[in-house]
Structure formats: C-alpha cells, structure tokens
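Since every read-out is calculated from the coordinates, none of them should be taken as a lab result. Please read all numbers here as calculations on a predicted model, not as lab measurements. For neighbour counting, all protein chains shown are included, and Cβ atoms are generated from backbone atoms with ideal geometry for every residue, glycine included.
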Amino acid sequence: MYRDFWRFYWSADTKYTIHSPFVFDFIKNVLEDKRLFYAYHEVETVRKFLLTQHQEISVTDYGAGSKFSKGNKRTIQQIAKTALSSPSFCRLLFKLTKHYKPKSILEMGTSLGISTAYLRMAALNADFVTLEGCPNIADHASKVFKRLKLKEIDQITGPFSETLDQALKTLKQVDLVFFDGNHRFEPTVEYFEKVLPYAHDQSIFIFDDIYWSEEMSSAWENLKQRPEVTLSIDLFSMGILFFRKDFSQKQHFKLTPWYWKPWRMGFLK
Ligand SMILES: C[S@@+](CC[C@H](N)C(=O)[O-])C[C@H]1O[C@@H](n2cnc3c(N)ncnc32)[C@H](O)[C@@H]1O
C-alpha cells in the first residue's frame, strides 16, 4: 500500500499540468474546494457518537468488505472504526456530489450510513437507494438517518445479488453510483456490468479503496479500460469513472491537489 501510494504520488498530476478543461474544473471545484460545509460538522458529530457505542450486534459478514474483524459479533464502535469511509474521503464525496448535482444516486454498501448521509446532504432532492446486506447494521444506519433528520433514503437490505436488480428498477437510471461493498475483483466487475445499462453520458461511478488489495487494483485497471469509459480519475483513495462522449479521446489521470506537490507547477512536465 505504501509503495502504491508513493508510486501514485510521484506520477500524479496537479492542475498546473492538466490540459483538459473538464479535469481542470474537477480539480478546481471538487478536489481543491476548501469550503467547510455545515453538513461536515453534523455528520462527524454522529460519527463521534458511534465511536463511543460499545453495544454489540450480530453481523452478517460479506467477506472482503471487512478486512479487520473476524467472527460475527461486533460493537458499533468497531464497525465505526474499521468499516466507514474517513472524514476526508466523505468530504470529497460530498463536494463531488454537490458539484455534479446527480438526480439519482445508488450506494452499494451503507454500513452505518455515514457516507450515505454525506451523499444525501449534498443532493437533497435526488432519488436515493442504498444497499446493505446485514440487517442489524442497516437498522443502525436508519437510526443515523433519523438523528440527522434525513428523509427519503430508500434502504434495501439483503445481499447485493438479490437487491441490486430491485434498486436499479426503482431508480430507472443512475447519475451517481458509489461502489463500496464487496472489495473483490469478480463482484466489483460483475456489479459494474449490472449497473452499466442504467448509466448514461453524464453518469459518474465512484469506487472506494482501489488500492486496498491486488484484486481491487486489478478490478480498477480492468474497468477503466472498458470501451464505455471515456475518462478515469484516480485520487488514490477513490477511483472515478466518467462516460461523457464529448471528450475527444479516452484519458486516464492520477490527480492530487497542487498543495500536495507545490513544486509541480508545470515546470517538470
Ligand atoms: C465498507 S462498508 C460501507 C461503508 C460506507 N459506505 C461508509 O463509507 O460509511 C461495506 C458494507 O457493504 C456491505 N456488503 C459487502 N458486501 C455485500 C454484499 N455482497 N451484499 C450486501 N452487502 C454487502 C457490508 O455489510 C458493509 O456494511
């Protein structure tokens, strides 16, 4: 992972070495947007609360989604510590959603609902379906939604193999999909293929943890080469696929904010 990060870091572009107007806009208005939204504070207060909860629940383990805990009993605190996206990842998710204004969102992997809350708060009017396999975890996510007064989040509980079709039928088309469930090669590629017919020119697919394992890195490499994908953005913590047809050629970028690499302002390219 560290080696992957340094490899990523040295090869990543900043806004000073990018020529694509779309990608420049992404960096300026998503990656480097430093505004502090009130939603961040609200959701992080709930995350802090979850981190104090020692209540034990039985969990249905879906394998590669949980690298850290073994056995089927876990405390809410353990789940909050190990399964949830970090605050910085969630802020990125929020900014991206706010900028591109999706009208329909599908999340695969609700867990305790923290990323769901960020997505919902960034797109209050979007049709929103979130999928979680474990009923006890999904129960706690709905408590999180009540605490945050988040409405109209369609939670579907059960294995993705049984719930994804229903979610796609409900949404009819997907503007933004957050894949954050099973972090293995085959399921990741399989879910991509199932969701793809519901995507369109402006859809955005976000993958968490693309460097989490060799399988996830291979899945990312495989998906970004698909003919339907016209642009891929690798931010190390997440991979984003775009399908817009107005790009003259397929392009892949690794990006960091310029202040991570202040010396890379165009002179070295
Ligand atoms: C990494 S967690 C999601 C974290 C959440 N998106 C966040 O950032 O706050 C992944 C979740 O997906 C669920 N999951 C993994 N594989 C699944 C499958 N095949 N079917 C249903 N749920 C699954 C797990 O139960 C787990 O709660």
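Rounded to the nearest 20, the Cβ-based charge dipole of the range 1-144 about its Cα centre (Lys and Arg +1, Asp and Glu -1) stands at 300 debye. A simple charge model with +1 on the Cβ of Lys and Arg, -1 on the Cβ of Asp and Glu and nothing else charged puts the dipole of the range 158-267 at about 540 debye relative to its Cα centre. Rounded to the nearest 500, the helix-only mean residue ellipticity at 222 nm of the chain stands at -12000 deg cm²/dmol, with each DSSP H run of n ≥ 4 adding -39,500 (n - 2.57). Taking the DSSP bridge list for the chain and keeping only pairs wholly inside it, about 35 percent are antiparallel. Note the angle between two axes, namely the Cα long axis of helix 135-147 and the longest principal axis of the Cα atoms of the chain, as a number of degrees from 0 to 90, rounded to the nearest 10. The helix 135-147 is inclined about 80 degrees to the chain. Summarising the amide proton neighbourhood of Phe253: residues at separation of 5 or more, or on other chains, whose placed amide H is nearer than 5 Å comprise Ser232, Ile233, Asp234. Across the options Trp260, Val177, Ala167, the greatest Cα extent toward the positive end of the charge dipole of the range 148-269 (unit charges at beta carbon of Lys, Arg, Asp, Glu) belongs to Trp260. Nearest 10 degrees is fine. How inclined is helix 87-100 to the longest principal axis of the chain, computing both from alpha carbons? Approximately 70 degrees, to the nearest ten.
Classify the range 152-257 from the C-alpha gyration tensor, please: rounded if a/c falls under 1.5, else prolate or oblate depending on whether a/b exceeds b/c. In terms of gyration-tensor shape, oblate.
The H on the amide N of Ser203, modeled in the peptide plane, is under 5 Å from the matching H of Phe243, each at least 5 residues off or on a different chain.
The antiparallel fraction among DSSP beta bridges confined to the range 173-269 stands at about 55%. Give the shape of the range 71-170 as rounded, prolate or oblate, defined through the alpha-carbon gyration tensor: a ≥ b ≥ c are the square roots of its eigenvalues, a/c under 1.5 means rounded, and otherwise the shape is prolate if a/b is larger than b/c and oblate if not. Because a/c hits 1.5 or more and a/b fails to exceed b/c, the range 71-170 counts as oblate.
For the residues Ser86, Ser161, Ser104, a GNM of the chain with alpha-carbon springs under 10 Å puts the largest fluctuation on Ser161. What you get for the chain, charging only the Cβ of Lys and Arg (+1) and of Asp and Glu (-1), is a dipole of about 980 debye around the Cα centre. Annotation: amide H-H contacts under 5 Å for Gly113 (H modelled 1.01 Å from N, sequence separation of 5 or more, or interchain): none. Across the chain, Cα pairs under 8 Å and at least six residues apart give a relative contact order of 19 percent. Checking the Cα-Cα distances for Lys224/Lys250; Lys95/Lys245; Lys101/Lys151; Lys224/Lys254; Lys98/Lys224 against a 20 Å cut-off, the pairs over it are Lys95/Lys245; Lys98/Lys224.
Of all the options Gly113, Gly133, Gly158, the one that moves most in a Gaussian network model of the chain with Cα springs shorter than 10 angstrom is Gly158.
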